[in-house]
Structures are given as structure tokens and as C-alpha cells.
Amino acid sequence: MTMALESEMPRRRRDPLVLLGRGYIAAAFVFLLLPITTLIIFSFQKNQYASIPGQGWSLRWYEKLFSDGALVAALQNSLIVSPVAATGASIIGFFAAYAIHRYRFPGRNLLLTLIMLPMLIPALILGIAFLGLLSRFGLEGKWYSVVVAHIVLVTAPAMAIIQLRLSQMPASLEEAAWNLGATEWQSLTRVVLPFTLSGIAGGWLLAFTFSFDEFIIAWFVCGFSPTLPVSIYAYIVGSADPSLNAMATIIFALSGLFLLGVELLLIPILIRVKPGATAEEAPH
Amino acid sequence: MSSVVARPETKRRGANLAKWISIGVPSLFFGAFFLGPLIYLILLGFWRVENYRIVESYSFDNYIDIAQNLFAGSNYGYAIAQTLYVAATTAIAAVALCYPMALAIVFAVPQRYQRLVVLLAVAPFWTSYILRVYAWQVLLARKGVINAALSYVGFNEASIEFLYTQTATRIGLIHYLAPILLVILYVAINNVDRTLIEAARQIGATRLQVLWRVIVPLSRTGIILSLSFSALVACGDVLSGSILGGGAGQSLIGKLPLFADMIIRAYTSSTNLPNTAALAILLVVIMLLILGVAYWLTERFRINVK
């Protein structure tokens, strides 16, 4: 089937419909990448307002970004909140994934639903709900209030990746550990945990990305220690100047690095879904 | 084989520890910090504010207030109508734009490059949404990049007013949705059985007929999923509506804000949490109705092949 299609390729290459399709893909990529490239280009331009033609290259907006400090301080906040939230989500996601993978217990489906639901409920609703309960106990407006809310939000993607990795673990691996006299806890920490480590790392990256980008929940609960998206929002609504472009370029560079990490960690897990095919990866 | 395995159930201590921690930690956390806030939100909707303090006495006051303000005062009803209109048109436009792209990837890109193209198309999803919305503001502004570029190449008259209309809102939303829809639609189209396409071609169907009679019907689950997902995201989104739509953006049905934007504004101007909670619950009800329609559509057009 595939062979037949491949052999058709030379004929298809001159096919106008194929050319049209490729043209459409190219146009779509222009649309998808236009906003990102625009901000990167204008972060290095002298002009105050983004316009064409530019007025020459300069680093003045980067200097202004670091001398103003508001966005940088928010970035520092985010670089505390998101890693902590991602770590919390990975720990809870690991336990949840293992519990669902290994045990049959009452409320198993309920637990799965509870963890998945925050990704489906609009963040606006969650933000109001978190603010309501946290302010009731005087816990709103602290840096850890965003962390707690974000852990609830981003455990789902972390758990999904860890579940996928767990499903690739041969059952014989754990059974062998038990036969050798390990308790369940020992086999969990010394056999299962090392095997799922790549899944946990991938899940952590995914959780970090979602937390780092999250706006509306943080807007409701962060108080006076805004995360980066909240600070960016205030900047846009107030008087946006091109130092925001400079911050955007830095964030895009960071996202690029993360994308690389996600690809290196996640794609191997996603491609190899068949269980049992990974026996050679048994931990030592 | 399993008879050889010494189930560690005999070592009760270790067994209990692993089981209770792995079930207990996530259950307790989500019970306290997810179920808790949700239940509190529902209760909050029935309470009210007196002298800037929340009074925990149950009444339907907030909902009665919202009902009275549907088409008068705050005009929640018009905002809901605007949200439904923008969500529906965004969903249709997003699928109409992404479907040909997914189709082109499956049929116009050699198999070994397809995954790479999808991966690259998804790349913008991993960067900050609020920065992409801001970038569209820079692009679409009256003196923004697109108008500047147009006048630079000679269209002096072409100063298009994009920003602060619901068209701009839709552009921001579609840019957010496109990577996700591409994955859904690519998988849906890729899963269409190639032998059915070959067979249709053999018996003389034109390519347009194959598309319309074979590929589209067989990928309809993906289409319905994309439509409902887009509509739900558009209903709950705040950023595109407030930054690109400018709050009350112009659309065919009028210069009206989106409901989500109205909730935010209602909260910032009054900080009346019980009333905001009631509005949020109304939004949940609207979205559940959309989900209901999506479910009905899926059942109605269920694929009966195989």
C-alpha cells in the first residue's frame, strides 16, 4: 500500500493539486510563525512603534527591559512558581499513574476524572474557584497560592505521560523484584521509579510549560507577586513598549530549548507505545 | 507462570505503604484543592456580600440579579449571544482553515516528512499564548505592521481597522487553536482507510468526490471533536477577547463584549465574589450545553463502519 504510494511520487510531484497543497502548507506556516518572528525582529529594532521599514538595529529595548526590572522580577517569580508546581505535579502524577496502573480500588475512575477535569474546565472558572476558597482561609496573594492552583491544573498532562511510560513497563519486571524479596514499596522506588524516569522528566517539562504560560488563574490568585503572564498582561493593557518584545524574544528562546527537550524526551515515549518492547531498558 | 510469582501481599507492611501512598497522596490533594474550590464556588454563588464581607446565607439573589440584568443594565444576555456567535464562527473558521492543511500534509507531503511537518506546525503551541496575542496586537493595530507593510508597498488607502473587533479576537483564537486542531485532524484523516480511497478512484470518482464522499465522512469524528473543542476554548478564553477584541469588539451582531470578558470586568469593578461565582456557574452551564450538542452530534453521526 505504502509502496504503491511511494512509487507514485514522481508522477504526483508535478500534480497541480499536490503543489496547491504544499502552497497552502507554506501559507499556513507564514500565519503560524508570523507573530513570533514579528516580535523577535522588532525587539532588535530602534523604533518605538513597530512599523515597516524599520529604523535600524539596536539593543536598546533589552537595556530598558533590564533597567525597568518589572518584567524581569515577574520572570523570576515565574521561575520559582512553575518549577515548584511542575515538581509537585510530577510527584502527584507519578503516584496517581502508579495507583491507577497497578491497583483496582473503589473511586479509581473518580480519581482519574478529578485529575483530568482541570484541563477541561475553563481556567477562568478555576481561577474564581481558587480565589474563593483561598481567600476564605487568607491564603490568596501568596506565591504558593499560585503553586497549589497550578499543581491542580498541570497534574493531568504530567500523569498522562507517566501513565504512557508505565504502560510500556513489562509486568515481569515488578514481579521479578517481588520474587527477589523486595517489598512493594521497595519495588516501587527501586524498579518502577527508575523505569518511568524518562516519563517523569517529560511530564515535568509539559507541566512546567503549561504552568509557565498560565494566565487567568495566576491573575486571580497571585496578588502582588505577579507571574510573568500576569505582568505581561498589565504591560499590554498599560503602556506597552518594545521592551516587551525583548522579553518575548527571551521567552521564545526558552520555549525553543524546552521544545527540544520535549522532543528528545517525549517523542521516543509517544512513538513506542507497544508494551514489552522495552525489556532491554530494565534498570540495573 | 504466575504461580511462581510470590505476590508480596504476604508482606503486609510494604504492600500497604505503597498502596496507601500512591492512592492517598493524589486523592487527598485533589479532594482538598480541586473538589474543595469547586464545591466552594457553587456555595459562593448562593451567598452575598454585605459591607464588603461575604455573608453565608443561602438565597437565589445573585441568580435573580443576573436574570434581571440579562437584557437590561449589565446586559449579560447580549454578551452571552456575542460569545456564542464568536465561538461558533471561530470554530467553523478554525476547522475550515485547518482541515485543508491536515489534508495537504497527509496527501501532498511524502510519508517520511509528515511527522516533521506536524511537529513544526505544533511548535507555536509551546510558546506563550499571551505573547502571541500581544504579537497580533502589534500586527493588526491601525499603525501596526500589516497596515505599515501595505502602505509601504503602495496601498496608501488600505488602513484596515482590525484591532478591537471580534475579527481580531477570532484571529488570536484561531492562532491558539490551529496547532491542536492540526494534530486532531491529521490523525483523523490519516486513519481513513486508503483502500477505500483507491477503490473510489478505481470506480471513477473524481478527487473532489473522493474528498466529499469518502474522506470527509470518514474523518467526521475528528471534525466534530475539533468544532466542539474550539467552541469550548472560545467560550472560556479571556485573552483574545480583551486584548484583541478590546473588550467590546465589533462583530456582525454588534459592539458587544464577550461573556468571559464581562465576568473579569464585573469582578475587577465590584470585587463581589459571590456574584462573580454565579456568573462563572452560568458560563459552566452554557459550556455544558455546548458539550451536550457535541455529544448529540457524535451520536447522530456515529461511524458505523467495521
- Would you check if B:THR298 is over 21 Å from the mean Cα position of the chain (by Cα), at pLDDT below 90 and among the hydroxyl-bearing types (Ser, Thr, Tyr)? no
- In the range A:114-133, what residues are more than 8 Å from chain B (Cβ to nearest Cβ) and more than 17 Å from the chain's Cα centre (by Cα)? A:GLY127
- Residue, surrounded by the fewest Cβ atoms within 10 Å (Cβ to Cβ), within the range A:47-64, restricted to residues that are away from chain B (no Cβ under 11 Å) and touching a helix residue (DSSP H, G or I) at 6+ places or on another chain (Cβ under 7 Å): A:LYS64
- Item | Verdict on A:GLU184 being touching a helix residue (DSSP H, G or I) at 6+ places or on another chain (Cβ under 9 Å), in the same structural domain as A:HIS101 (by TED's automatic domain parsing), over 26 Å from A:GLY138 (Cα atoms) and not basic (Lys, Arg) | yes
- Task: From the list B:ARG201, B:ARG265, B:ARG302, B:ARG213, pick out the single residue that is part of a loop (DSSP other than H, G, I, E, B), of a type in the set (Lys, Arg) and more than 10 Å from every other protein chain (Cβ to nearest Cβ).
- Result: B:ARG302
- Message: So, restricting to helices (runs of 4 or more DSSP H) that lie completely within the range B:49-140, which ones have at least 1 residues that are surrounded by fewer than 23 Cβ atoms within 10 Å (Cβ to Cβ), touching a residue at least 40 places away in the same chain (Cβ under 8 Å) and within 14 Å of chain A (Cβ to nearest Cβ)?
- Response: B:76-108, B:111-122, B:129-140
- Task: Go through the range A:138-181 and give me each residue that's among the hydrophobic types (A, V, I, L, M, F, W, C), closer than 30 Å to B:LEU44 by Cα and more than 10 Å from chain B (Cβ to nearest Cβ).
- Result: A:LEU139, A:TRP143, A:VAL146, A:VAL147, A:VAL154, A:ALA156
- Taking A:ILE151, is it crowded, with 20+ Cβ neighbours inside 10 Å, over 30 Å from B:ASN272 (Cβ atoms) and at pLDDT 95 or above? no
- Applying the selection to the range A:235-255, what residues are in a helix (DSSP H, G or I), more than 11 Å from every other protein chain (Cβ to nearest Cβ) and either surrounded by fewer than 17 Cβ atoms within 10 Å (Cβ to Cβ) or hydrophobic (A, V, I, L, M, F, W, C) (or both)? A:ALA246
- Message: Can you list residue pairs whose Cβ atoms sit under 6 Å apart, with the first residue in the range A:24-44 being farther than 12 Å from B:LEU139 by Cβ and the second being among the polar types (S, T, N, Q)? Count only pairs 6 or more apart in sequence or on different chains.
- Response: A:ILE40/A:THR249; A:SER43/A:ASN245; A:SER43/A:THR249
- Task: Check B:THR165 against each of (1) under 21 Å from B:ARG142 (Cβ atoms); (2) buried (at least 21 other Cβ atoms within 10 Å of the Cβ) and name the one condition it does not meet.
- Result: (2)
- Note on the structure: Of the candidates A:LEU17, A:LEU39, A:LEU5, A:LEU32, the one satisfying the condition of being at pLDDT below 95 and under 30 Å from A:ASN245 (Cα atoms) is A:LEU39
- The residue from B:ALA135, B:ALA123 that alone is under 15 Å from A:PHE252 (Cβ atoms) and modelled with pLDDT under 90 is B:ALA123
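Just name the residue that is surrounded by the fewest Cβ atoms within 10 Å (Cβ to Cβ) out of those in the range B:219-249 that are part of a helix (DSSP H, G or I) and of a type in the set (Val, Ile, Thr).
Among those that are part of a helix (DSSP H, G or I) and of a type in the set (Val, Ile, Thr), it is B:THR221.
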- Message: Which count do you get for residues in the range A:173-202 that are touching a residue at least 60 places away in the same chain (Cβ under 8 Å) and among the small types (Gly, Ala, Ser)?
- Response: 4
- Note on the structure: Across (1) more than 7 Å from chain B (Cβ to nearest Cβ); (2) surrounded by fewer than 20 Cβ atoms within 10 Å (Cβ to Cβ); (3) not basic (Lys, Arg), A:ILE100 clears everything bar (2)
- Yes or no: A:PHE220 within 13 Å of chain B (Cβ to nearest Cβ), in contact with a Ser or Thr (Cβ under 9 Å, 6 or more places away or on another chain) and under 20 Å from A:GLY88 (Cβ atoms)? no
- Item | Output for the range B:83-105, where each listed residue is of a type in the set (Val, Ile, Thr) and over 19 Å from B:ILE290 (Cα atoms) | B:ILE105
- Which residue pairs have Cβ atoms closer than 8 Å, lie 6 or more positions apart in sequence or on different chains, and pair a first residue in the range B:7-28 that is under 30 Å from A:VAL148 (Cα atoms) and at pLDDT 55 or above with a second residue that is assigned to a helix (DSSP H, G or I) and of a type in the set (Lys, Arg)? B:SER22/A:ARG102
- Do you know which residues across the range A:49-94 are assigned to a loop (DSSP other than H, G, I, E, B) and either farther than 28 Å from B:TRP136 by Cβ or not assigned by TED's automatic domain parsing to the domain that holds A:ALA234 (or both)? A:TYR49, A:ALA50, A:SER51, A:ILE52, A:PRO53, A:GLY54, A:GLN55, A:GLY56, A:SER58, A:LEU59
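The values are calculated or read from the model by the stated rules, or taken from the named source; none is laboratory data. None of the values given here were measured: they were computed from a predicted structure. Note: ideal-geometry Cβ built from the backbone for every residue, glycine included; neighbour counts use all protein chains shown.
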